[in-house]
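These notes are about the structure you will find just below.
The values are calculated or read from the model by the stated rules, or taken from the named source; none is laboratory data. Keep in mind that this is a model prediction, so the values were computed, not measured. Cβ sites come from the backbone with ideal geometry, for glycine too, and all protein chains shown count toward neighbours. Just the protein is used for accessible areas: all its heavy atoms, side chains included, with ligands, DNA and RNA removed. Shrake-Rupley method; radii C 1.70, N 1.55, O 1.52, S 1.80 Å.
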Amino acid sequence: QPENLQKNWLREFYQVVHAHKPHFMALHCQEFGGKNYEASMSHVDKFVKELLSSDAMKDYNRARVYLDENYKSQEHFTALGSFYFLHESLKNIYQFDFKAKKYKKVTGKEIYSDTLESTPMLEKEKFPQDYFPECKWSRKGFIRTRWCITDCAFDLVNIHLFHDASNLIAWETSPSVYSGIRHKALGYVLDRIIDQRFEKVSYFVFGDFNFRLDAKAVVETLCAKATVQTIRAADTNEVVKLIFRESDNDRKVMLQLEKKLFDYFNQDVFRDNNGTALLEFDRELSVFKDRLYELDISFPPSYPYSEDSSQGRQYMNTRCPAWCDRILMSHSAKELILKSENDEKIVIYDHIGPNVCMGDHKPVFLSFRVAAGAGKPIASVHKCCVVQ
């Protein structure tokens, strides 16, 4: 129900915009147009028009929209959408031209789609096919843009990493084979954005990382006292289902696990106290602790929510709930946002639409203020720099 969902989604999004009143706003979307692109791209166009013309966004007099809509080009298509909105009160905003290697002043509202390959204002790449051979038409990749607000330069990277194709395979090893694939792809992106071609700047990487909880450790913890029944396919003998039952208590079924089924009897464990008890199993980022920083998570797992519009808080029984959607940053970006004037740390990292159906992912946002002159040595501070 795209119409219904879009209405909910935008209403919740506008509420966050109204509450935080950002001067510079970046919105990163993945899987733009859903699974059925040909039928859905008209909804995408409506969504974009609504965003750019809505009353809630009227104070943003400049915008840049980059939509990868060219679904017929399998070797390039990423289904990523990156939106940037600039408040009328912000002066001197520049965007980097990667081809000319210089900044250009941002004026007006511009939308780019179909052929992002020829747009010099961004870098876009789809991950090589051999990264994830199981997925024939993978759309995973990244889009990078670079901005300068007065003297403060930073990269914004929209990213979509590989998913878990099978719960049964994810459960086999710790860490899972899929976390290794994501690790390789994220490492590739980080190496790319700090290579020798351009000046190094602070960066923020945000989107759907598809980070999952360590499945083996989670299942062993949730079903510590359970016995396991293994069901195999008659013809191939491969495992198709695992059933975890309590040893006593009438052998009650605690968890059923199939390729695309993760049916745990008590979803409250993922919601209570924002799922904090499960954060110890969120381990994929630890490999990058020298390169990436994340604020403390204080919201429940962002995926996979029910797509039933009346079930805003319910998870689907397809995957183990996990914090797939994240906002990560370089350590220099962390210094930017945490060294605020008067130690006034107005930094909020949260999710949008906690009680409303927003699709299978809940959007995640980060709101912060950057102090005047941040990002430059004291000697060259001569203009105010505000990013929000």
| Label of the coordinate-derived value, semi-axes √(5λ) of the Cα gyration tensor in Å, listed as [x] 43, 24, 19; [y] 38, 23, 21; [z] 29, 24, 22 | [y]
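Carbon-plus-sulfur fraction of the accessible area of region 165-268, 1.4 Å probe, in percent? Intermediate values should be presented prior to the final figure.
Values: 2580 of 5200 Å².
Accessible surface attributable to carbon and sulfur in region 165-268 totals 50 percent.
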| note | Dipole check, the chain, charges on Cβ (K,R +1; D,E -1), about Cα centroid: among 171, 103, 8 the Cα furthest to the positive pole belongs to 103
| query | Between the DSSP loop rule and a limit of at most 16 other Cβ atoms within 10 Å, which GluC sites (Glu not before Pro) in region 1-81 are left? | reply | 75
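Can you list the DSSP H helices in the chain whose Cα atoms extend at least 20 Å along the helix axis and whose mean Kyte-Doolittle hydropathy is -0.5 or higher? Don't skip to the end; give the middle numbers.
On the way: long enough: 2-20 (27 Å, -1.00); 37-53 (24 Å, -0.16); 177-193 (25 Å, 0.18).
The answer, listed by residue number, is 37-53, 177-193.
Find the accessible area per residue for region 205-284; the probe is 1.4 Å, ligands and nucleic acids are left out, and the unit is Å².
Accessible area per residue: 53 Å².
In deg cm²/dmol, rounded to 500, what helix-only [θ] at 222 nm does the chain give when every DSSP H run of at least 4 residues adds -39500 (n - 2.57) and the total is split over its residues?
Details: 7 runs with 77 residues, N = 388.
When only DSSP H runs of four or more count, the value is -6000 deg cm²/dmol.
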| request: Using the Cα centre as the reference, give the magnitude of the dipole from point charges on the C-beta atoms of the chain (Lys, Arg: +1; Asp, Glu: -1; all else neutral), rounded to the nearest 20 debye. | output: 1020
| Span per principal axis, largest first, for the Cα atoms of region 1-156 (Å) | 47, 42, 21
| Cα gyration tensor category, rounded, prolate or oblate, for region 210-339 with a/c compared to 1.5 | prolate
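Which trypsin sites (Lys or Arg not before Pro) from region 11-64 combine a DSSP loop assignment with at most 15 other Cβ atoms within 10 Å? Intermediate values should be presented prior to the final figure.
Values: sites: 11, 35, 46, 49, 58, 62, 64; in loops: 35, 58.
The qualifying sites are 35, 58.
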| message | So for each of 201-212, 258-269 I average, over its residues, the number of other beta carbons within 10 Å; can you give me the resulting order with the highest mean first? | response | 201-212, 258-269
| note | Candidate cut points under chymotrypsin sites (Phe, Trp or Tyr not before Pro) in region 69-162, DSSP loop plus at most 12 other Cβ atoms within 10 Å of their own Cβ, are 137
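Quick one: pull the percentage of alpha-carbon pairs in region 1-50 with a separation above 12 Å.
Working: 863 of 1225 pairs.
Of all Cα-Cα pairs in region 1-50, 70 percent lie more than 12 Å apart.
When a/c is below 1.5 the answer is rounded, else prolate if a/b is larger than b/c, else oblate, so apply that to region 140-234 with a ≥ b ≥ c taken from the square roots of the Cα gyration tensor eigenvalues.
On the way: a/c = 3.84, a/b = 2.98, b/c = 1.29.
Since a/c reaches 1.5 and a/b is larger than b/c, the shape of region 140-234 is classed as prolate.
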| said: Can you give me the accessible area per residue for region 74-194, using a 1.4 Å probe, in Å²? | reply: 40
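Could you tell me the calculated FRET efficiency between residue 227 and residue 7, based on Cβ-Cβ distance and R0 = 35 angstrom, to the nearest 0.05? It would help to have the intermediate numbers written out before the result.
Details: r = 47 Å, r/R0 = 1.34.
E(calc), rounded to 0.05, equals 0.15.
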| query | Under 18 Å Cα-Cα from residue 49, which aspartates and glutamates qualify once same-chain neighbours fewer than 8 residues away are excluded? | reply | 3, 12, 59, 68, 69, 110, 114
